[in-house]
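Working notes for the structure below.
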Amino acid sequence: PDEIRPARDTSNRNELWLRNKDEAARRDGDPGLDSKGIVDTAGKDFAGSGDAIQVVLADEVGKWDKVCDPETVYTSMVNAVQGEVGTAVFRASTACGAGTFWHSEWKASMKIGKEGWNGHTPCFFPWYFDERNAKKAPPDMELGDQEDSEFGNEVVLKDLYDLTNDQLEWRRRTIMKQVDESRHDLFNQEHPGSPDVAWLFAHGRWIEAP
């Protein structure tokens, strides 16, 4: 609505600038929100340097090591956040394998209040939390009850995660979309049901999780 819509100025950078575009009005004490939303890539060296950032949303951190040194980029970005009331740093990602920068950060976030804690609160969201991840199951649907079944042991999964047949039908369809040789592994990477499962698959092979 117009009465709450913030003023917006123009910019030739990759940003959304929420300030009064009328310079005279700004001088007279009506700056608008005077806030910017900036989009940057992890591949940019020293992202965030020179900015005074209030909120960071770092996305797909588990894949940053494909394009940059994730520790350098994250350190540069997070040090632009002053740590005052109203500031926050959010990080979200697919796990993409153990032994990575993102895995180290996840493990450090689990040490809340203990030595080695990185100040972040861990939050894990399994695939079945999303209400969209369900498809109408056929009335005669038979669940696999062995690990080597086409879709794994669905009987165990249904009991373990309290799933419906509609959720298992979505899982089946999603598994079928993955690469043939690694269907189950890729599903577990992209749509894990637990943190332990999330970290197991890395670059086409199973590894031991520390």
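The values are calculated or read from the model by the stated rules, or taken from the named source; none is laboratory data. In this text the structure is predicted, and so the values were computed from the model without any measurement. Because the Cβ atoms are built from the backbone with ideal geometry, glycine has one as well, and the counts that use them run over all protein chains shown. For the accessible areas, the whole protein counts, side chains as well, though only heavy atoms, and no ligand, DNA or RNA atoms are used. Shrake-Rupley method; radii C 1.70, N 1.55, O 1.52, S 1.80 Å.
Brief remarks on what is shown
- Report summary: the helix-based calculation at 222 nm, which adds -39500 (n - 2.57) for every DSSP H run with n ≥ 4 and divides by the residues of the chain, gives -7000 deg cm²/dmol.
- In summary, the aspartates and glutamates within cross-link reach of Lys44, defined as a Cα separation below 17 angstrom excluding same-chain residues under 8 places away, comprise Glu15, Asp59, Glu60, Asp65, Asp69, Glu71.
- Long pairs among Lys135/Lys158; Lys66/Lys111; Lys135/Lys177, criterion Cα-Cα beyond 18 Å: Lys66/Lys111
- Theoretical FRET efficiency, 1/(1+(r/R0)^6), r = Cβ-Cβ of Lys66 and Arg27, R0 45 Å, to 0.05: 0.45
- Surface exposure of segment 28-167, expressed per residue as accessible area with a 1.4 Å probe, stands at 65 Å².
- The eigenvalues of the Cα gyration tensor, multiplied by 5 and square-rooted, give the chain an equivalent ellipsoid with semi-axes of 42, 23, 16 Å from largest to smallest.
- Expressed as a whole percent, the accessible area of the chain that falls on carbon and sulfur atoms is 49 (1.4 Å probe).
- Charges were assigned to the Cβ only: +1 to each Lys and Arg, -1 to each Asp and Glu. The resulting dipole of the chain about its Cα centre is roughly 520 debye.
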